[in-house]
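Beneath this line is the structure, given in structure tokens, with notes to follow.
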């Protein structure tokens, strides 16, 4: 009998500016998966991952970096929308 293949999970969402609501081109670094996801021009991102707990570091040169923790279970589709605060100039 073949081993059952692990069912992946999907993490997706959008990144926007907390003051204007406009999309932010950011990077989402996923510790534990050794992955980096570039956010699209419209502020959206999506990535398929193995189930588990991940620390996400969301960064953009003009915004304050944020860290989030997510738990992904097999077959989950987790939506993470983040409002980023602009850096003081």
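Mind sorting 89, 25 by how few other Cβ atoms lie within 10 Å of their own Cβ, fewest first?
If I rank by nearby Cβ atoms, fewest first, I get 89, 25.
Express the relative contact order of segment 25-70 as a whole percentage, based on alpha carbon pairs under 8 Å and six or more residues apart in sequence.
For segment 25-70, the relative contact order is 37 percent.
So what's segment 1-76 giving for Rg/Rh, alpha carbon basis, Kirkwood Rh from the mean inverse pair distance?
Numbers: Rg = 14.2 Å, Rh = 13.4 Å.
My calculation puts Rg/Rh at 1.06.
Below 8 Å, C-alpha to C-alpha, sequence gap of six or more: please give me the relative contact order for the chain in percent.
37 percent.
What ranking do 24, 57 get, fewest neighbouring Cβ atoms within 10 angstrom at the top?
57, 24
How do 36-45, 7-16 rank on mean C-beta neighbours within 10 Å, highest first?
Listed from highest to lowest mean packing, they are 7-16, 36-45.
Restricting the count to DSSP beta bridges whose residues both fall in the chain, what percent are antiparallel, rounded to a multiple of 5?
Of those bridges, close to 75 percent are antiparallel.
Any read-out appearing in this document is the output of simple, stated calculations on the displayed coordinates, not a laboratory observation. Keep in mind that this is a model prediction, so the values were computed, not measured. A quick note on method: Cβ atoms are made from the backbone with ideal geometry, for glycine too, and the neighbour counts reach across all protein chains shown.
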